[in-house]
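A.B. asks: Handing you this structure, nothing more for now.
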Amino acid sequence: MIHDVQGVLDLIQKNTYTVGDMSRRVGILRECLETVLFSDETGPVTDRCVAHLQSLQASSDVDAVIAWGAEVYESFSQSTVSEKIIALQKTIESLPVLTLYVPVPFADAELAVVGEWCREHCDPHIVLDMHIEPEVVGGCGFVWHDVYHEFSLKSRMHEQRGVVTELLSAYEK
Amino acid sequence: MNIEFLGLEILIGVFVGVLIAAIVVLIMHIRTTSQMSKLTLPAYEYAMKKAEYDAESIVSAAKKRAREIIADAEKEGHKAISGYTNQAAEIHKKYREVIAIQTDSIGQALHKASDVQVQALEKVIASADGIIKGEQKKILDSVAGTSKHMAQMAEEAQKKAQGTMEGLQQSIDEAGKKIQVQLERAEKKGEEKLEKHLDSLQSVADAHIDKYEASRKKLVDAHIEQLVEAVAMKVLHTKLPVTEHTSLAREALEEAKSKHIL
């Protein structure tokens, strides 16, 4: 059984890569735990949590919370749930954030690819703050340590300006 | 005359009446003032009132008398005016008669005088007509002589003018030839200058055209680039699958990592 918040966060981060997803999913977890732990029903917490989550409207967020597993649910008790959730939220707020500007919305699988790469090569606890910016065209722009860096296709095309006209001029000759 | 006399009489009457009244009032005043110290106050008042009464009766009597005098005077005046009016009417009638007689006599005299004058005037006109006819003949003769002289002068002047015209025509022909020669020279010079100027303008225009061509080319190039860029962006944005976008984003992050930005 996990007793510290960091352990819970590590489990959560296994399938959650963005700030928005993390905020929504922790909210679902809190609501689930408060419902289960303060109800008159008896039985294992995990079973009751899974049953409660399955009773909710199906979504990728609910699936992700179910996937966190028994270790997460059983680390909370009636007396510690409130305190631990607040501590968990504070810890999430302190995580390093990489703000990404991409041209189209990414699905969970794509987010996982990018997120895994970032955690492997930049910071193991990094979370992504995704923004959709069609002007980017391709590639991405990102903010890291409060500095914006442009690695988009648009900037590349701007750098390559003149090539087309050179080609046209060569063709004309 | 009678009116003036009556007016004076009325005035004198009024004056005498007013004078008598003033004298009576003065005497009463002197008497009352001299008795003031001797008499008691009621006696004085009685005397004053009596004097006032007497004075008023005197004044009223004087006024009455004056009115009577004025009425008499008016009557006399009316009588006199009517008499004078009658006299004037008679005089006017007599005057008219006299005037009519005089007018007739003057008219007859004037007729006679005018007849005499008309006869004299007719004589004068008859004599003047002869004189005028003689003068007219003289003038006509003089005009005929003058016109003949004028015709001779005009003929001479015409001849002179013709000669002058021929001379002028000759001068004009010579001047025209000179001007033509000068114009031809000026034309040649002008053509040369114009050609030079046109050449210089041509070179300036060529330079302008070159500049315009270059700037226009730049503009078109920029436009083409923008167009290509826009098309590329649209195609990439709409046609590229999400997986490709993901790999592009990852490649961008890898590049950033290789540059030690991440």
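The values are calculated or read from the model by the stated rules, or taken from the named source; none is laboratory data. Keep in mind that this is a model prediction, so the values were computed, not measured. Heads up, the Cβs are rebuilt from the backbone with ideal geometry, glycines too, and the neighbour counts pull from every protein chain shown.
A.B. asks: Across region B:229-255, which residue is surrounded by the fewest Cβ atoms within 10 Å (Cβ to Cβ) among those that are farther than 14 Å from residue A:136 by Cβ and among the small types (Gly, Ala, Ser)?
C.D. replies: The extreme case among them is B:230.
A.B. asks: Just to be sure before I move on: is residue B:70 within 26 Å of residue B:15 (Cα to Cα) and surrounded by 10 or more Cβ atoms within 10 Å (Cβ to Cβ) in the structure I sent? Step through it out loud before you land on a result.
C.D. replies: On the way: within 26 Å of residue B:15 (Cα to Cα): yes; surrounded by 10 or more Cβ atoms within 10 Å (Cβ to Cβ): yes.
Yes: the conditions hold for residue B:70.
A.B. asks: Can you pull out the residues in region A:1-30 that are under 21 Å from residue A:108 (Cβ atoms) and either more than 15 Å from the chain's Cα centre (by Cα) or of a type in the set (A, V, I, L, M) (or both)?
C.D. replies: Pass one, region A:1-30, residues under 21 Å from residue A:108 (Cβ atoms): A:8-29.
Result: A:8, A:9, A:11, A:12, A:19, A:22, A:26, A:28, A:29.
A.B. asks: If you scan region B:233-242, which residues turn out to be of a type in the set (A, V, I, L, M) and either under 20 Å from residue A:166 (Cα atoms) or at the interface with another protein chain (Cβ under 9 Å from one of its Cβ atoms) (or both)? Step through it out loud before you land on a result.
C.D. replies: Taking region B:233-242 first, the residues of a type in the set (A, V, I, L, M) are B:233, B:235-236, B:240, B:242.
The answer is B:233, B:236, B:240, B:242.
A.B. asks: For region B:81-101, how many residues meet the condition of being within 56 Å of the chain's Cα centre (by Cα) and polar (S, T, N, Q)?
C.D. replies: So the count comes out to 1.
A.B. asks: Here is a follow-up. Which numbered condition trips up residue A:145, out of (1) free of Cβ contacts under 8 Å to residues at least 60 places away in the same chain; (2) surrounded by fewer than 18 Cβ atoms within 10 Å (Cβ to Cβ); (3) farther than 19 Å from residue B:260 by Cβ; (4) within 14 Å of another protein chain (Cβ to nearest Cβ)?
C.D. replies: Residue A:145 satisfies all of (1) free of Cβ contacts under 8 Å to residues at least 60 places away in the same chain; (2) surrounded by fewer than 18 Cβ atoms within 10 Å (Cβ to Cβ); (3) farther than 19 Å from residue B:260 by Cβ; (4) within 14 Å of another protein chain (Cβ to nearest Cβ) except (3).
A.B. asks: Can I ask one more? If residue B:88 satisfies all but one of (1) loosely packed, with under 14 Cβ neighbours inside 10 Å; (2) in contact (Cβ under 8 Å) with a residue 12 or more places away in the chain, what's the number of the condition it fails?
C.D. replies: So the condition that residue B:88 fails would be (2).
A.B. asks: Okay, next question. In this structure, is residue A:133 more than 17 Å from residue A:17 (Cα to Cα), of a type in the set (D, E, K, R) and more than 10 Å from every other protein chain (Cβ to nearest Cβ)?
C.D. replies: Working: more than 17 Å from residue A:17 (Cα to Cα): yes; of a type in the set (D, E, K, R): yes; more than 10 Å from every other protein chain (Cβ to nearest Cβ): yes.
Spelling it out, residue A:133 is indeed more than 17 Å from residue A:17 (Cα to Cα), of a type in the set (D, E, K, R) and more than 10 Å from every other protein chain (Cβ to nearest Cβ).
A.B. asks: Scan region A:16-49 residue by residue and report those that are crowded, with 18+ Cβ neighbours inside 10 Å and either assigned by TED's automatic domain parsing to the domain that holds residue A:116 or among the polar types (S, T, N, Q) (or both).
C.D. replies: A:16, A:18
A.B. asks: Another one. Here are some residues: B:5, B:15. Which one is assigned to a helix (DSSP H, G or I) and at pLDDT 80 or above? Break it down stepwise before answering.
C.D. replies: On the way: B:5 fails: at pLDDT 80 or above.
The conditions single out B:15.
A.B. asks: Still on this structure: Going through region B:243-262 one residue at a time, which ones are of a type in the set (Gly, Ala, Ser) and more than 7 Å from chain A (Cβ to nearest Cβ)?
C.D. replies: So in region B:243-262, the residues of a type in the set (Gly, Ala, Ser) come out as B:247, B:249, B:252, B:256, B:258.
Passing the criteria: B:247, B:258.
A.B. asks: Which of the following residues is closer than 29 Å to residue B:227 by Cβ and acidic (Asp, Glu): A:83, A:120, A:135?
C.D. replies: A:135
A.B. asks: Please identify the pairs in which a residue from region A:47-69 that is without any contact (Cβ under 8 Å) to a residue 24 or more places away in the chain has its Cβ atom under 8 Å from the Cβ atom of a residue that is of a type in the set (Gly, Ala, Ser) and not in a helix (DSSP H, G or I), counting only partners at least 6 apart or on another chain.
C.D. replies: Qualifying pairs under 8 Å: A:48/A:39.
A.B. asks: Which residue out of B:80, B:120 is in a helix (DSSP H, G or I) and in contact (Cβ under 8 Å) with a residue 60 or more places away in the chain? Steps first, please.
C.D. replies: Working: B:120 fails: in contact (Cβ under 8 Å) with a residue 60 or more places away in the chain.
On inspection, the qualifying residue turns out to be B:80.
A.B. asks: When you go through A:88, A:128, A:111, A:95 one by one, which is the residue that is in contact with a Gly (Cβ under 7 Å, 6 or more places away or on another chain), more than 8 Å from every other protein chain (Cβ to nearest Cβ) and under 19 Å from residue A:25 (Cα atoms)? Working first, answer last.
C.D. replies: Numbers: A:88 fails: in contact with a Gly (Cβ under 7 Å, 6 or more places away or on another chain); A:111 fails: in contact with a Gly (Cβ under 7 Å, 6 or more places away or on another chain); A:95 fails: in contact with a Gly (Cβ under 7 Å, 6 or more places away or on another chain).
Selected residue: A:128, the only one of A:88, A:128, A:111, A:95 that is in contact with a Gly (Cβ under 7 Å, 6 or more places away or on another chain), more than 8 Å from every other protein chain (Cβ to nearest Cβ) and under 19 Å from residue A:25 (Cα atoms).
A.B. asks: So residue A:109 fits all but one of (1) under 12 Å from the mean Cα position of the chain (by Cα); (2) at pLDDT 95 or above; what number is the exception?
C.D. replies: Here residue A:109 clears every test but (2).
A.B. asks: Same structure, new question: For a quick check of your reading of the model, give me the residue pairs whose first member lies in region B:210-232 and is within 10 Å of chain A (Cβ to nearest Cβ), whose second is of a type in the set (Val, Ile, Thr), with beta-carbon atoms closer than 6 Å and at least 6 apart or on different chains.
C.D. replies: Listed pairs, sorted by first residue: B:221/A:165; B:225/A:164; B:228/A:164.
A.B. asks: Could I ask something else about it? Identify the single condition in (1) surrounded by 14 or more Cβ atoms within 10 Å (Cβ to Cβ); (2) more than 17 Å from residue A:61 (Cα to Cα); (3) out of contact with any strand residue (DSSP E or B) (no Cβ under 8 Å at 6 or more places or on another chain) that residue A:133 does not satisfy, given that it satisfies every other one.
C.D. replies: Single failed check for residue A:133: (3).
A.B. asks: Taking residue A:104 as the residue in question, decide whether it is surrounded by 13 or more Cβ atoms within 10 Å (Cβ to Cβ), in a loop (DSSP other than H, G, I, E, B) and touching a strand residue (DSSP E or B) at 6+ places or on another chain (Cβ under 9 Å). Spell out how you get there, then give the answer.
C.D. replies: Working: surrounded by 13 or more Cβ atoms within 10 Å (Cβ to Cβ): yes; in a loop (DSSP other than H, G, I, E, B): yes; touching a strand residue (DSSP E or B) at 6+ places or on another chain (Cβ under 9 Å): yes.
Yes, satisfied.
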